[in-house]
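Here the structure comes first, spelled out in structure tokens, and everything after it is commentary.
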Amino acid sequence: MALAGCASPPPQRWSEWVDPGLGPNSGLLRGAPVLVACDTFDLLMRPPCESDLTQALAERGVRPIVAPGTTPFSPRETDPQMASSATSLGANAIFILTLAPAASSGGWGGSGMAIGIGGFSGGRNSGVGVGLSAPIGGGAWGGGGATGFSATGRVIDVRTGRMVWSSTFVASPSSDVGGQVRGLMRNVLDSAQAAGVL
């Protein structure tokens, strides 16, 4: 992901949730083997996302594991499938980062940020989460306007199959996709650290 364009405002937190049963400083991921995955709207973004996420988690004391045998064009496993893979790989938890377009400035006929309600699966439990989206019609980026992305990080405790933490950040529209993703990733991980998960 090439770096280009002008500096943008830092990503803003949209929401965060922590399982009350987790405790204020659980350290669930600290020093533990963790299965890492990126869920991206553009499949070609998945490998660099997982590479950057793996490195960023390792720098924070996590022992990241990327599921073997996947290609950019293969569909990501569902959460229950990932929990099974995590168990077989000896991972105690799963860290998933979801990236999606959230807003645009120009190129989509003046369309702005749209808020949508989407479902998520957390093993045996499921729920409803707030999602941010924007249409991608009229070409790869709808006419070349700058795009802002949202990043949602979530952690699943493999032992219980439950999602125990989630946080979403949104970046301002920018043509610097790589810089956005790294900034969003840093904010999501800072949030996990502040919540005591890291």
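Brief remarks on what is shown
- For the condition at pLDDT below 95, on the phi > 0 side of the Ramachandran plot and open to solvent by 60 Å² or more (accessible area, probe 1.4 Å), GLY61 does not qualify.
- Residues (open to solvent by 10 Å² or more (accessible area, probe 1.4 Å) and farther than 18 Å from GLY31 by Cα) located in the stretch 186-198: ARG186, ASN187
- Screening the stretch 101-198 for strands (runs of 3 or more DSSP E) wholly inside it with 3 or more residues that are at pLDDT below 80 and in contact with a strand residue (DSSP E or B) (Cβ under 9 Å, 6 or more places away or on another chain) returns the ranges 114-122, 125-133.
The values are calculated or read from the model by the stated rules, or taken from the named source; none is laboratory data. The structure presented is a predicted model; accordingly, all values stated were derived computationally and were not measured. Reconstructed Cβ throughout: ideal geometry from the backbone, glycine too, with neighbour counts over all protein chains shown. The accessibility values were calculated without ligands, DNA or RNA, using every heavy atom of the protein model including side chains. Shrake-Rupley method; radii C 1.70, N 1.55, O 1.52, S 1.80 Å.
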